[in-house]
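To start, the structure itself, in structure tokens.
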Amino acid sequence: MVKWTKEQTEAINASGSDILVAAAAGSGKTAVLVERIIQKLLNKEDPIQIDELLVVTFTNAAAQEMRNRISAALEQALQEHPHSGHLKKQLALVQRASISTLHAFCMDMVRKYAYMLDIDPAFRIANEMELELLKQDTLDALLEEKYGSEDAEEQNRFFAFIDRFSGDRNDEAVEQLILKLYTFSIQSPWPDNWLDKLEAAYSVDDTCEESELPWLTLVKEDVRMQLQAIKNELERALQISNESDGPYHYLETLENDQKMITEVYEKSSSWVDLQQLFTTSTWGRLSGKRVDCNEEKKEHVKKLRNQCRERWKKMKDKLFVRDLSAHLSDMQELQPVVETLTELVKEFKHRYSLEKKKRAIADFSDLEHYFLQILVDPSSTENRIIPSAIAKQLQSQFRELYIDEYQDTNLVQETILSLISNQTGNGNRFMVGDVKQSIYRFRHADPTLFMDKYKRY
């Protein structure tokens, strides 16, 4: 019998809200998820039906393994309670239960409701080579049309874009840029809106306030994180220097470093202040006095401080060589170029989608967007998502949702899961994943459980 730790037991039994368990690879996250499902099925007071669960895994193999483990647990329980009608029913249903990859679940739903999407219900998932060739053909046709446009204004804007991004011999760089931006945009539930926001970010003027620049807010957050990391490393250097055999002759310089970083951090809400402080602040020299101290600790302190200076220099060279007005001037110059780029990406996306529909093929991203279209009421907006009648039906069907490898979900998948989960505010999602392997980062606000190796932090 498996012995669960206190924290693992808490994760298995917690209820009343969405739950996110974050732990490193090999720490038993999936085992906890499976055990929680089994306990729900075996609960005598409020036994759940296996067809009331949606279990999403990352691979087909993981889904089958999970199904097998649940089946084995049910068979063992049935041996102990051979007259249980509930257990017999669960065992009969387990092979038809909704335990699959998210794409397999999307596939089933899209085929079922294909009539709502104007697609062939017999569509197939195209192979990667087929899709790459179709992308290239679609893109070639689009660019050829733009080169031959008879609209003088459109052609001038197009050539300005081409001149900035193409190479001397071919347009490979332009093609890669369009495809890269297309791939990135479809990770959003509303790709066109995402592209519109990208374009709008470059619509600035000289009087623009810092608060009106979303990208600058993100940059300042990153600067603050870097400064906090420097503060932490300096604090460690000070602790070592204050030890009885530490390099105490470094203390004065380290304390001055700490004061400087603290001042910069406190004024980091203003980019103008950051610019001034980064360009005028200087790091002092560590004392060269010969003192009796532990040489290993001395070298460790020097290494920590060098790391701090390197972090500082990278930020200074990357972000603060030019002032904000110069960056705004660049954005104004780039605005029409970015506008042309986003228009090309939208046009490519539209044509590529039509070509796939003609051939009755799809890719995995199409499955996500098709299913999302089914789940969202037509009156919805990006800021006010209203579940469709089908989404509400699925909310009623699934009492609980289980998501393995949650760190790999993108925003489209996250939106899908939120639309078919409990809308009462109590939460019915149980998610496990490894934040250190995260592609898109964990996005759940206020998780009730967030663990590393099943220890709260």
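The values are calculated or read from the model by the stated rules, or taken from the named source; none is laboratory data. The structure presented is a predicted model; accordingly, all values stated were derived computationally and were not measured. All Cβ positions, even for glycine, are placed from backbone atoms using ideal geometry, and neighbour counts span all protein chains on display. Accessible surface is based on the protein model in full, side chains and every heavy atom, while ligands, DNA and RNA are left aside. Shrake-Rupley method; radii C 1.70, N 1.55, O 1.52, S 1.80 Å.
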Practice item. Could you work out how far apart the two model spin labels at His83 and Asp108 are, taking each label as a point 7 Å from the Cα in the direction of the beta carbon, and quote it in nm? Key: 3.4
**Study point:** All lysines inside 20 Å of Lys267 as judged from Cα atoms, apart from same-chain residues fewer than 8 positions distant
**Key:** Lys220, Lys231, Lys259, Lys313, Lys314, Lys316, Lys318
Exercise for review: Note the full-extension length gain between Ala360 and Ser281 as 0.36 nm times their separation in residues minus their Cα-Cα distance, in nm to one decimal.
Suggested key: 22.2 nm
Check your understanding: So which trypsin sites (Lys or Arg not before Pro) in segment 99-133 pass both tests, a DSSP loop state and at most 16 other Cβ atoms within 10 Å of the Cβ?
Key -> none
Study note, to complete from the structure: From the Cα centre of segment 88-134 to that of segment 1-55, the distance in Å is 27
Study note, to complete from the structure: If every Lys and Arg gets +1 and every Asp and Glu gets -1 at its Cβ, then about the Cα centre segment 177-235 yields a dipole, in debye to the nearest 20, of 340
Study note, to complete from the structure: Row for segment 188-239, column shape: gyration tensor on C-alpha, a ≥ b ≥ c, rounded if a/c < 1.5 i.e. under 1.5, prolate if a/b over b/c, else oblate; value oblate
Practice item. Pop the C-beta distance of Ser71 and Lys289 into the FRET formula with R0 = 51 Å and round what comes out to the nearest 0.05. Key: 0.10
**Study point:** Inter-label distance for Ala122 and Arg309, nm, one decimal - labels placed 7 Å from Cα along Cα-to-Cβ
**Key:** 7.2
Check your understanding: If you put +1 on each Lys and Arg Cβ and -1 on each Asp and Glu Cβ, how big is the dipole of segment 33-164 around its Cα centre, in Debye rounded to 20?
Key -> 1220
Revision key, fill the gap. Low-density loop trypsin sites (Lys or Arg not before Pro), segment 231-283, at most 15 other Cβ within 10 Å, DSSP non-H/G/I/E/B, are Lys267
Review point. If you take every DSSP beta bridge whose two residues both sit in the chain, what share of them, in percent to the nearest 5, is antiparallel?
Key: 20
Review point. When the helix-only estimate is applied to the chain (DSSP H runs of n ≥ 4, each -39,500 (n - 2.57), divided by the residue count), what is the mean residue ellipticity at 222 nm, nearest 500 deg cm²/dmol?
Key: -19000 deg cm²/dmol
**Study point:** Cα Rg, Dmax (largest Cα-Cα span) when computed across segment 176-303, Å
**Key:** 21.9, 66
Review point. Heavy-atom accessible area of Glu296 with all protein chains present, probe 1.4 Å, nearest 10 Å²?
Key: 150
Practice item. Can you figure out the FRET efficiency of Glu150 with His350, using R₀ = 30 Å and their beta-carbon distance, to the nearest 0.05? Key: 0.90
Study note, to complete from the structure: Cα gyration tensor of the chain diagonalised, 5x eigenvalues square-rooted, in angstrom largest first, produces semi-axes 46, 39, 18
Exercise for review: Between the alpha-carbon centers of segment 234-262 and segment 146-212, tell me the distance in whole angstrom.
Suggested key: 49
Exercise for review: Would you mind classifying segment 338-425 by shape? Square roots of the alpha carbon gyration tensor eigenvalues, ordered a ≥ b ≥ c; an a/c under 1.5 is rounded, otherwise it is prolate if a/b is larger than b/c and oblate if not.
Suggested key: prolate
Check your understanding: What is the magnitude of the charge dipole of the chain about its Cα centre, with +1 placed on the Cβ of each Lys and Arg, -1 on the Cβ of each Asp and Glu, and no other charges, expressed in debye to the nearest 20?
Key -> 2200
Check your understanding: Cross-link list Lys88/Lys392; Lys6/Lys298; Lys112/Lys349; Lys349/Lys392: which exceed 32 angstrom alpha carbon to alpha carbon?
Key -> Lys6/Lys298
Check your understanding: In segment 15-57, which trypsin sites (Lys or Arg not before Pro) are in a loop and have at most 13 other Cβ atoms within 10 Å, using DSSP for the loop call?
Key -> Lys44
Point to revise | Computed lengthening from Gln332 to Glu45, 0.36 nm per intervening residue step minus Cα-Cα distance | key: 96.8 nm
Exercise for review: Sequence neighbours fewer than 8 away in the same chain don't count; with that in mind, list the aspartates and glutamates whose C-alpha is under 20 Å from Lys302.
Suggested key: Glu233, Glu235, Glu243, Asp245, Glu252, Glu255, Asp257, Asp292, Glu310
Check your understanding: Label Lys6 and Leu251 with points 7 Å out from Cα along Cα→Cβ: what is the distance between them in nm?
Key -> 3.9
Exercise for review: Set the Förster radius R0 to 35 Å, insert the Cβ-Cβ distance between Asn242 and Arg322 as r into 1/(1 + (r/R0)^6), and round the FRET efficiency to 0.05.
Suggested key: 0.30
